[in-house]
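Values in this text are rule-based calculations from the coordinates and carry no lab data. Predicted model, so just to flag it, every value in this text is computed and none were measured. Ideal geometry is used to build each Cβ from the backbone, glycine not excepted, and the neighbour counts take in all protein chains shown.
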Amino acid sequence: MVPQTSCRPDYPWGCYRPEESRQAVELKPTRERFDGNEGWVEWREGSFSFMFDESLTKTQTAKTTSTSNELSTSDMLFPKSSSMTFVVLSESLMDGPGGIFLGLVKYTDRRIRPSFLGQSQVSAFSIDLMKKDGQSPSLTLYGREFEKAALTANPEVPCDDYFGTLKQKDYVPLTNDLNRKFADPTIHYVAVASSITVNGSRLASTSQKGKLYVIFDTGCSGMTISPDLFEEQYSLARSQKAKNVWDKVDVEFKTSSGSSIILTAKRPITTPLISNSPWGKKLKGHLMCWDYRF
C-alpha cells in the first residue's frame with residue numbers, strides 16, 4: 001500500500017498527511033526500486049478503510065457470517081485496519097495524481113515487508129476493466145466465507161460470475177514455480193503458457209528445456225519479456241521489414257480441462273527484462289510480465 005509524499009491542489013485523489021500515521025515499529029527505512037528508479041522509502045502504520053456502501057453488502061454479509069450484526073464488511077476483510085503497515089515513496093520515485101496505490105500480491109517470503117492483502121482476510125479477488133452495459137471498471141474482494149460458499153456451490157450466496165462455482169468452471173492453472181525454484185521473493189500470479197506468437201510467427205514454446213512463464217500484473221505497463229526473446233523478435237522483425245516489431249501478440253494457454261485459449265494484445269508497449277536472472281538465480285525458460293491489455 002503506497003501513498004505519495006507530494007501534494008498539489010490538482011491531485012484528484014487526495015493527499016498523504018503524515019500526522020495521521022506513525023513510523024512502523026522495528027521497520028527501518030529501506031532502499032527500494034520502483035518503476036526503474038531507486039531510492040529510500042519510509043515504512044509507517046496507520047488506520048485503513050474503504051468507503052464501503054454497507055447498504056449493498058449487508059445482505060451478502062448476513063448470509064455468510066453469524067457475526068454480521070457486529071462486524072462491517074470492512075472489519076471482516078481488514079481486521080487489522082487500525083494498524084495497517086504501508087510504505088511512503090518520495091516524489092523522486094513516484095509522481096502522479098495522488099491517492100493510494102494498492103498491490104494485489106498477498107503471499108511473500110518472510111523477509112519481505114508486509115503486503116497490503118497479506119494484512120487482510122481477503123482470499124480472492126476479481127478484476128473487470130471492461131466498460132460494458134453501463135458498468136464501471138471494478139475490483140471485487142472476497143473474504144473466506146464467500147470462498148467457502150462458492151466452493152460448495154451454495155445457492156444462497158450471491159457470488160458473481162467470476163468467482164461462482166469453481167468446481168464447474170474451466171480456468172488457467174497458476175503456479176508458484178518462480179518463488180519455489182527461481183528465488184522470486186513474492187508469489188506472483190503466474191501461469192505457464194504453451195506458446196507465444198508474434199506477427200504470425202512462433203517466437204517461443206514451453207518444452208522440456210524450459211517453460212514460458214507469464215506474470216499477470218495490473219501494475220505493469222504493456223509487456224515485459226526476457227531479453228533473449230526481445231532481441232530475437234527484434235532481429236526477426238527487421239529481417240521481415242515489419243512496420244511494427246510487436247504488432248500482434250498471441251499467447252496460448254492450456255486450461256484445467258485440457259482445452260486451449262489464446263489471449264491477444266495489439267501493439268503492446270514492450271520492453272526487455274534487465275536479465276534472465278531477475279532474482280539472482282538463472283531462469284530455466286522464459287518470462288513475460290503483462291498488464292491488463294491482453
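Values for this structure:
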{"item": "The stretch 163-294: C-alpha gyration tensor shape, a/c 1.5 cut-off, then a/b vs b/c", "result": "oblate"}
{"item": "Estimated FRET transfer efficiency when R0 is 41 angstrom, pair residue 247-residue 83 (beta carbons, to 0.05)", "result": "0.25"}
{"item": "Relative packing of 22-31, 223-232, 193-202, which averages over residues the other C-beta atoms within 10 Å, highest first", "result": "223-232, 193-202, 22-31"}
{"item": "In nm, spacing of pseudo-spin labels at residue 22 and residue 181 (7 Å Cα→C-beta vector)", "result": "4.6 nm"}
{"item": "The stretch 99-141-the stretch 184-243 distance, computed between alpha-carbon centres (Å)", "result": "25 Å"}
{"item": "Summed side-chain charge close to residue 181 - residues other than residue 181 whose Cβ falls under 12 Å, Lys, Arg +1, Asp, Glu -1", "result": "+3"}
{"item": "18 Å reach of a label modelled at residue 172, 7 Å along Cα-to-Cβ, counting backbone N of the stretch 219-238", "result": "219-226"}
